[in-house]
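Only the coordinates and a few stated rules stand behind these numbers; no lab work does. Fair warning: this is a prediction, and the values are worked out from it, not measured in the lab. Cβ: placed from backbone, ideal geometry, glycine included. Neighbour counts: every protein chain shown.
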Amino acid sequence: MIRRPQAWLLLAGLLVTRFCHLDIVWVEEGYPSAAAIQLLKGKALYRDVFFDKPPLSPYLYLLWGAYTGWPLRLAGAGFVFLCCLLIYRFASQLWGEREGWLAAFFLAFYLTFGIPAAVMALAPDLLMIAPHIAAVCLAWRGRAFWAGLVAGVALLINTKAIFVLAACLLWCWPAWPWLLLGFVLPNAAALAWFGWPYIDEVWKWGAVYSTHGFSFATGFLRTADWIGFQAALIVGAILYFRKDRSWRMSAWVLLSLAGVAAGWRFFPRYYFQLLVPLTLLGARGFVLYQRTWAVKIALPLLLLIPLIRFGQRYATLADDLLHQRPHHWSDLALGQDSEAAARLITDRSGSLLVWGYRPDIFAWTRMQAGTRYLDSQPLTGVLADRHLTNSEVDYPALAAQNRQQLIKTEPTYIVDGLGPLNPALAITQYSDLHDWLGRYHEIGRTRFSVVYQLTAH
């Protein structure tokens, strides 16, 4: 275990920084929150609720009742602290306590001073860090079945856990049947429980999503940016490989990079898969060269890069909270609009449809979904990462079929959080919804949303 003072300092830092986001709900945490709220209302995932992620994230949100505010931020700090303890244990067993402490510090640091929407949201990519560390540690110890079981649990959080399984094989190849058995068991249980809709919504829909990647230049530039901000880890890893050219560690890094590149989308949160091995190697590299003056000077200078870039924002948010001022930050514009739209709904005992990818409206209202859908991607066929500016339909037949199911429902309220941003995808633009939408009347608008209410019969 990490020595008590270091553990308390880590936890205190995580709590302070995460509580700066006390009144913010990032969209990536709004989605599992919305799904968890439906579970609390007795609905079943994939049958009553269309959910295109593996199932464990909304079930995890049940632990704090899917509440936002301090429960969500406390859970986030506690989870990252758990990840730090896990990587401390792994690094300590591999090399020693100094490496363990430095690895824990690196992980806490880079899960704090990074793109806020990525490091703050308890979304699948962040949630997979803990089982990623645990699975590879178990594989290194020769516990093939348990490594496979933990990797299998990781797949129920994030589909990219298939690369975690591949990393475990590097250490467990002779016992691969046990590794695969452990991996299959939780996923076979999930398939038996959720049925075929789980395959349709998570794997088939996800396959369509992954076929629309970014350009090569975008992937290259985003990776270069990430390397720049994580320069301390990169330098530490290079120092490690100068002393120990472990092919397993090299292969683990390459597999993790492949996990980042899968689908060729390169969102900041995807790099958490690569962060795990580089955190370990970076810690070992700096400990190996700790007596070198150049290394002693380089480490704090390299850590200043993300600290300067992202640290000031925490101070600004904290100052706003202390003085009870609204935040003025462009990254929060949609989230603040979601909160404003939620305030227009005075009767929250009814049900809700959110048009657009604005699941944080469910988190603010805690309302029951009036349809199977927590957002409009399955209804428009346009993916959320581009539907604010692009109207290209990927799944026209399925979207039309889903809209036919939609008109059989009567949610009490509709929030169109997409139309004001991309008029071509406004809910009023779909001819097959005109008669159905005629039963609703507008009750208010915000900058980016239009709110409708079902007209009393």
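Of note:
- Among [x] 24.5; [y] 26.8; [z] 23.2, the entry that matches Kirkwood radius over Cα pairs in Å as calculated here: [z]
- Here the 3J(HN,Hα) profile of segment 414-421, calculated from phi with Karplus coefficients 6.51, -1.76 and 1.60 at θ = phi - 60°, is 10, 10, 8, x, 10, x, x, 8 Hz, Gly and Pro shown as x.
- Annotation: amide H-H contacts under 5 Å for Gly444 (H modelled 1.01 Å from N, sequence separation of 5 or more, or interchain): Val451.
- Net charge in the neighbourhood of Arg325 (other residues with Cβ under 14 Å of its Cβ; Lys, Arg +1, Asp, Glu -1) is -3.
- For the chain, the longest principal axis of the alpha carbon atoms and the long axis of helix 293-322 meet at an angle near 30°.
- Rounded to the nearest 20 debye, the dipole magnitude of the chain is 1600 debye, with +1 charges on Lys and Arg beta carbons, -1 on Asp and Glu beta carbons, and the Cα centre as origin.
- Relative contact order of the chain, defined on C-alpha pairs under 8 angstrom at six or more residues apart (%): 16 percent
- Under the convention that each Lys and Arg Cβ holds +1 and each Asp and Glu Cβ holds -1, the size of the dipole of segment 332-454 around its Cα centre is about 240 debye.
- Taken over the chain, lysine pairs spaced eight or more positions apart, or on distinct chains, with alpha carbons under 21 Å apart number 8.
- Net +/- balance of residues flanking Gly417 in space, Cβ distance below 15 Å, scoring K and R +1, D and E -1: -2
- Two-site FRET efficiency, Asp225 against His323, from Cβ-Cβ distance with R₀ of 25 Å, rounded to 0.05: 0.15
- Using the Cβ-Cβ distance between Thr409 and Leu254 with R0 set to 56 Å, the FRET efficiency from 1/(1 + (r/R0)^6) comes to roughly 0.75.
- 5 angstrom amide H check on Phe51, placed H, neighbours 5+ away: Tyr46
- Beta bridges per DSSP, both residues in the chain: antiparallel share near 55 percent.
- Taking every DSSP bridge with both residues inside segment 332-454, close to 60 percent are antiparallel.
- Gyration tensor (alpha-carbon) shape descriptor, segment 332-454, a/c threshold 1.5: oblate
- Theoretical FRET efficiency, 1/(1+(r/R0)^6), r = Cβ-Cβ of Ile443 and Asp385, R0 25 Å, to 0.05: 0.25
- Unit charges at the beta carbon, dipole of the chain: most positive-side option, Leu102, Leu353, Tyr289: Tyr289
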